[in-house]
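Colleague: Here you go, one structure.
The values are calculated or read from the model by the stated rules, or taken from the named source; none is laboratory data. It should be emphasised that the depicted structure is a prediction, and the values quoted were computed from it without experimental measurement. A quick note on method: Cβ atoms are made from the backbone with ideal geometry, for glycine too, and the neighbour counts reach across all protein chains shown.
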Amino acid sequence: MYDFEYHKPGSLADAVKLLSADPDARPISGGQTLLPALKHRLNKPTSVVDLSGIAELKGIKREGDKLVIGALAKHFEVATSPEVKAAIPALAQMASTIGDTQVRNRGTIGGSVANNDPAADYPSAVLGLNATVVTDKRRIAADDFFQGMFTTALEPGELLVAIEFPIPEKAGYAKMRNPASRYVMAGAFVAKTGGAVRVAINGAGPGVFRQADMEKALTANWSPDAVAGVKQPADGLNGDIHGSAEYRAHLVTVMAKRAIDAAG
Amino acid sequence: MNVVTPFEGIGASVKRKEDLRFLSGRGQYTDDINRPGQTYAAILRSPHAHARIASIDTVAAAAMPGVVAVFTGADMPDLGGIPCGWQIHNKDGSPMAEPMHPVLAVGKVRFVGDAVAAVIAETRAQAKDAAEAIAVEYEVLPAVATLEAALAPGAAQVHDDVAGNVCYDWHIGDKAINEAGFAKAAKVVEFELVNNRLVPNAMEPRAAIGDYDPTTEDYTLYTTSQNPHVIRLLMGAFVLHLPEHKLRVVAPDVGGGFGSKIFHYAEEAIVTWAAGRVKRPVKWTAERTESFITDAHGRDHVTKARLALDANGKFLALHVQTLANMGAYLSTFATSVPTYLYATLLAGVYATPSVYAEVKAVFTNTVPVDAYRGAGRPEATFLLERLVDVAAAETGMDRVEIRRRNFIPADAFPYQTPVALQYDSGDYQATLNQALEAAGWAGFEARRAEAKARGRLRGIGISTYVEACGIAPSAVVGSLGARAGLYEVGTIRVHPTGSVTVLTGTHSHGQGHETTFAQLVTDRLGVPLAQVDVVHGDTAKIPFGMGTYGSRSLAVGGSAMVKAMDKIVAKAKRIAAHLMEASVEDVEFDRGTFRVAGTDKTKSWAEIALTAYVPHNYPIEELEPGLDETAFYDPKNFTYPGGCHICEVEIEPETGITTVVNFTAVDDVGRVINPMIVEGQVQGGVCQGIGQALLESCVYDSEGQLVSASFMDYQMPRANDLPMVSVATHTTLCTHNPLGVKGCGEVGAIGSPPAVINAVVDALKEYGVRHIEMPATAAKIWGIINASRPAMAAE
Ligand SMILES: Cc1cc2nc3c(=O)[nH]c(=O)nc-3n(C[C@H](O)[C@H](O)[C@H](O)COP(=O)(O)OP(=O)(O)OC[C@H]3O[C@@H](n4cnc5c(N)ncnc54)[C@H](O)[C@@H]3O)c2cc1C
């Protein structure tokens, strides 16, 4: 780890001020992604702005037909929140499978979504549920937010404040874990919200993406059988020592079937 | 009567004495030790697998904050190379190629991770900062990352003085007899397979602290070692040219070794030498990435084999050709692993009349490869037990029957194999029968059918194995090229009140010696376990020792203790005879009580101990006071644990994921001192074997970069990857050591991988699979399923 300044602002405004004053400052939430990068000296921020003391980023609440989850909500809180479990059980279930106990007690939804690791869990829920990402400046639709590997619509210094999830009629998630890292090798989040079907695929490609053929098939017939015949093209998917693009393409269909099964 | 209650002697599953310390966080590992005035070393490592070093500029680094010194290979002209402990000879009798392994690279780097420079600084972070400021100009050379690449015509030379990258081309067995065996064959089975490279990944990374006292010129090295005396010998005599009395090596608590902490590593020499230069203690602790790219890796063989059978399925002859990867330099015992620890095991549990093996050891631009739990014997067992399954399939014989028909019978021991070893004892039918029974072999087809109904492919696999551990005797290994003796040393120090301290030259890094060895004393001398302490891991305390590896500690180290106890008892009897005014021949000793035979005259252990140290009434003319004896024990032979492992798996065809649903191990480890510890050792070994078979994939790219250099990419087995392992023992005693023990540390890792792969192949049998290379990952299995339409479906 290189030396850096450490700040712990008490308000969103102060955090934004610190970050906008210094392009090499980095926000930190749970630190479960940033700290390993710092320890490996892959990252050399001038200062680290700890968001954990900012009340505006906390809390999980039901607001009418939406579930609003603050950026600082830890995976463990999402997994065990009665509001989440009642409104979107698939999201709570997803959170309960991220990393391990230590990671779930520190990692946050805001950190994960802002980071947009292609092998992360949450991005598929955000995209599959057509959620809205709320920042200190604006509201961003999920379709516009994720822009490929580790890239989002967030501008430098812009902070993720909360995520607003519409409440679906049905939603389900299934993933195959990478055998070594246990991140996602291929995952599918399926949801029917206000009659509209969305299928978001994570892990398999360089970023989370929607599977249009599956969405069409499920709109016609909401059942595992409907996607069983939909082949995900291997083109453009990840291939590495853990599995070829063809294997991941195959897993996309398998996970989509299982996600629908789970959604009921 | 002085009966020990509760029973704590041989055969008792007493709890481990060391666990209170470990589980309450009071272990003292090398990195827990801090010496006054300590500095920290960071090692600058090569990012290239193969490159010429054009220049190294350390000026900027030396001026960085906190930097005490910066060293490169050029600063160490007088140091020797890191030595190899075993010289192998080629088929033509010439010695193997033994290229120089400098402590810090000179001229060239030969693997990613090769040590280029060392920075000594006030803090770890300052040392790392300065290491980054060293400017090295590399001229990158083509690299050879695999055996195939290294042996290709025109391949890059890892060492300029080693033609064709071949370290040695060795053989064992009689070639003419072997060919005659093949000439008689009714059937020849040919087979090729890989034994996959593994990264050891002990939980505690390697660490070393060098300390130097300028007033006495004494050096101390604290290090994560399985054998401190061996390190003192290798580093002192060959590298730093320090005499033993000026060099103390301490290996305190060590958090797992699995072989990787046997070897003498460059960092040990760097910190010790640098401490002398900067006149302050120097500490180095590996980061996990450094562990991946500098701890000696394991296995990495490519083998072609042919098995000749007669019309009745009896094995006639086995011919094996193996390529073994040495990595970039010869690690301490690297050369012995694919020869005397592998090819000598190729008879296995079978009465094959002829075995002929040829082994070529090859340099590549990769991390050095050396012994890893099992060392050579897992490679031999995997080859044999896969080959036997393939032979069964291709001759239409039952997998169990072909084994039974070829076993060395229980009444044939001692049994001389055609590849040098003489097995002293074993009963392979018995361990097989017990395992078949325990695993419910007979009922398997019903379980397969039930799984099929659930959409799962279920398979069962068997492995019957023997291994050789407690490597010995010194005279024989010496004639085969070992540059060390393989005896062990034990001191039994009886204190005036009768409690005992044991000094052993072996080293415990997870095995539970502090308990097992104390049980030997309790059993023999009748001293309660709480009054026996075992000390190891310090050359200043222990007379001498060869350390712990190859499952030798109990068989060799325990036997040394027994010999020392014999001396203690003999002397104690003379003291007792004097006190009871009897003749020494009439004094009997049984667990703590001395008795004049046939009388009720007795003396207790404590009385004799006290008399030995307070010799008021004592035969001082004939006997020295004190009760403290040392013995050196050189074994007559290896010991030969063996047994049968049965694995049952289920495969989910949709994903290719394999789940080990049952694992049964029945092992003959000789006499069992502590059944609980044996069970733990076998379970741990089996888990490592399952890791090798299904999970652990060590991958180099063609440039020699280790792609699987972190836990993000290298899959260690975790609790939820593993079944409950059912462990049982079936004992035949070792015939040549006083305890009848054989060794249990490696059997799990040796017997299990072929059982797992045999089960996977069995599960996939409807797909016409002959073999699947380890690790049989989900992706690989799905690839097989996807590529081949089931034979059944095609019908
Ligand atoms: C062992 C291990 C296993 C893991 N397994 C999984 C897994 O299976 N699935 C999975 O999805 N994840 C996994 N993770 C990642 C984990 O979920 C992280 O917690 C998460 O990715 C990042 O959240 P964080 O709060 O820790 O973010 P941090 O590490 O604090 O930050 C991550 C990045 O986001 C930025 N950032 C943080 N907060 C904000 C904000 N409010 N606004 C804008 N930018 C922000 C930071 O600057 C940084 O670039 C694992 C991590 C570890 C260490």
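Colleague: What's the number of the condition A:V49 fails, among (1) part of a loop (DSSP other than H, G, I, E, B); (2) within 11 Å of the ligand (Cβ to nearest atom)?
Modeller: (1)
Colleague: Residue check, B:P418 against (1) assigned to a helix (DSSP H, G or I); (2) buried (at least 18 other Cβ atoms within 10 Å of the Cβ); (3) out of contact with any helix residue (DSSP H, G or I) (no Cβ under 7 Å at 6 or more places or on another chain), all met but one. Which one?
Modeller: (1)
Colleague: Determine, yes or no, whether B:A631 is among the small types (G, A, S) and surrounded by fewer than 24 Cβ atoms within 10 Å (Cβ to Cβ).
Modeller: Details: among the small types (G, A, S): yes; surrounded by fewer than 24 Cβ atoms within 10 Å (Cβ to Cβ): yes.
It is true that B:A631 is among the small types (G, A, S) and surrounded by fewer than 24 Cβ atoms within 10 Å (Cβ to Cβ).
Colleague: Going through region B:703-731 one residue at a time, which ones are away from every other protein chain (no Cβ under 13 Å), of a type in the set (S, T, N, Q) and touching a helix residue (DSSP H, G or I) at 6+ places or on another chain (Cβ under 8 Å)?
Modeller: Matches in region B:703-731: B:S726, B:T729.
Colleague: What number of residues within region A:14-30 satisfy the criterion of being within 17 Å of the chain's Cα centre (by Cα) and assigned to a strand (DSSP E or B)?
Modeller: 1
Colleague: Check region A:64-73 and report whether any residue there is more than 14 Å from chain B (Cβ to nearest Cβ), in contact (Cβ under 8 Å) with a residue 24 or more places away in the chain, in a helix (DSSP H, G or I) and within 11 Å of the ligand (Cβ to nearest atom).
Modeller: No.
Colleague: Just checking, does region A:44-58 include any residue being within 14 Å of chain B (Cβ to nearest Cβ) and touching a helix residue (DSSP H, G or I) at 6+ places or on another chain (Cβ under 9 Å)?
Modeller: Step one: of region A:44-58, the residues within 14 Å of chain B (Cβ to nearest Cβ) are A:44.
Keeping just the survivors that are touching a helix residue (DSSP H, G or I) at 6+ places or on another chain (Cβ under 9 Å) gives A:44.
The answer is yes; a qualifying residue exists.
Colleague: Just one of (1) under 29 Å from B:E703 (Cα atoms); (2) touching a residue at least 40 places away in the same chain (Cβ under 8 Å) trips up B:Y212, so point out which.
Modeller: (1)
Colleague: Here is a further query. Please determine whether any residue of region B:429-452 is in contact with a helix residue (DSSP H, G or I) (Cβ under 6 Å, 6 or more places away or on another chain), at pLDDT 95 or above and not polar (S, T, N, Q).
Modeller: Let us first name the residues in region B:429-452 that are in contact with a helix residue (DSSP H, G or I) (Cβ under 6 Å, 6 or more places away or on another chain), namely none.
Within region B:429-452, none of the residues are in contact with a helix residue (DSSP H, G or I) (Cβ under 6 Å, 6 or more places away or on another chain), at pLDDT 95 or above and not polar (S, T, N, Q).
Colleague: Check off (1) assigned to a loop (DSSP other than H, G, I, E, B); (2) within 14 Å of chain A (Cβ to nearest Cβ) for B:V672 and give me the number that stays unchecked.
Modeller: Result: B:V672 fails condition (2) only.
Colleague: Still on this structure, I have one more. With A:N238, A:N221, A:N202, A:N178 as the choices, which residue is touching a Lys or Arg at 6+ places or on another chain (Cβ under 7 Å), among the polar types (S, T, N, Q) and not assigned by TED's automatic domain parsing to the domain that holds A:A73? Give the steps one after another, and end with the answer.
Modeller: Values: A:N221 fails: touching a Lys or Arg at 6+ places or on another chain (Cβ under 7 Å); A:N202 fails: touching a Lys or Arg at 6+ places or on another chain (Cβ under 7 Å); A:N178 fails: touching a Lys or Arg at 6+ places or on another chain (Cβ under 7 Å).
Criteria check complete, one pass: A:N238.
Colleague: Is it the case, given these coordinates, that B:T522 is touching a helix residue (DSSP H, G or I) at 6+ places or on another chain (Cβ under 6 Å) and either crowded, with 24+ Cβ neighbours inside 10 Å or touching a residue at least 40 places away in the same chain (Cβ under 8 Å) (or both)?
Modeller: So B:T522 passes the test.
Colleague: If you scan region B:144-156, which residues turn out to be buried (at least 16 other Cβ atoms within 10 Å of the Cβ) and either assigned to a loop (DSSP other than H, G, I, E, B) or in contact with a Ser or Thr (Cβ under 9 Å, 6 or more places away or on another chain) (or both)?
Modeller: Those that are buried (at least 16 other Cβ atoms within 10 Å of the Cβ) and either assigned to a loop (DSSP other than H, G, I, E, B) or in contact with a Ser or Thr (Cβ under 9 Å, 6 or more places away or on another chain) (or both): B:V144, B:A145, B:T146, B:L147, B:A149, B:A150, B:A155, B:A156.
Colleague: When region B:113-143 is examined, which residues are found to be acidic (D, E) and either within 13 Å of chain A (Cβ to nearest Cβ) or crowded, with 24+ Cβ neighbours inside 10 Å (or both)?
Modeller: Result: B:D114, B:D129, B:E132.
Colleague: Looking at B:S291, is it closer than 27 Å to B:N195 by Cα and either without any contact (Cβ under 8 Å) to a residue 40 or more places away in the chain or surrounded by fewer than 24 Cβ atoms within 10 Å (Cβ to Cβ) (or both)?
Modeller: Spelling it out, B:S291 is indeed closer than 27 Å to B:N195 by Cα and either without any contact (Cβ under 8 Å) to a residue 40 or more places away in the chain or surrounded by fewer than 24 Cβ atoms within 10 Å (Cβ to Cβ) (or both).
Colleague: Which of the residues belonging to region A:31-44 are surrounded by 15 or more Cβ atoms within 10 Å (Cβ to Cβ), touching a residue at least 24 places away in the same chain (Cβ under 8 Å) and either part of a loop (DSSP other than H, G, I, E, B) or away from the ligand (no atom under 13 Å from the Cβ) (or both)?
Modeller: A:G31, A:Q32, A:T33
Colleague: Please indicate, with yes or no, whether at least one residue in region B:680-698 is more than 21 Å from B:Q434 (Cβ to Cβ), over 20 Å from the mean Cα position of the chain (by Cα) and of a type in the set (D, E).
Modeller: Taking every residue of region B:680-698 in turn, none turns out to be more than 21 Å from B:Q434 (Cβ to Cβ), over 20 Å from the mean Cα position of the chain (by Cα) and of a type in the set (D, E).
Colleague: Taking the stated definitions as given, is B:A449 closer than 30 Å to B:I690 by Cα, buried (at least 22 other Cβ atoms within 10 Å of the Cβ) and either among the small types (G, A, S) or touching a Pro at 6+ places or on another chain (Cβ under 6 Å) (or both)?
Modeller: So B:A449 fails the test.
Colleague: Counting residues that are at pLDDT 95 or above and closer than 15 Å to B:L198 by Cβ, which helices (runs of 4 or more DSSP H) fully inside region B:703-795 reach at least 2?
Modeller: By residue number, B:747-763.
Colleague: Something else about it: Taking the stated definitions as given, is A:I28 touching a Gly at 6+ places or on another chain (Cβ under 9 Å), away from the ligand (no atom under 13 Å from the Cβ) and more than 14 Å from every other protein chain (Cβ to nearest Cβ)?
Modeller: Criteria not met by A:I28.
Colleague: Any idea which of (1) touching a residue at least 60 places away in the same chain (Cβ under 8 Å); (2) on the phi > 0 side of the Ramachandran plot; (3) within 9 Å of the ligand (Cβ to nearest atom) is the one A:F150 doesn't satisfy?
Modeller: Every listed condition holds for A:F150 apart from (1).
Colleague: Hey, could you check region A:85-107 for residues that are more than 18 Å from A:A174 (Cβ to Cβ) and not charged (D, E, K, R) and say which is nearest to the ligand (Cβ to nearest atom)?
Modeller: Only one residue tops the list, namely A:G107.
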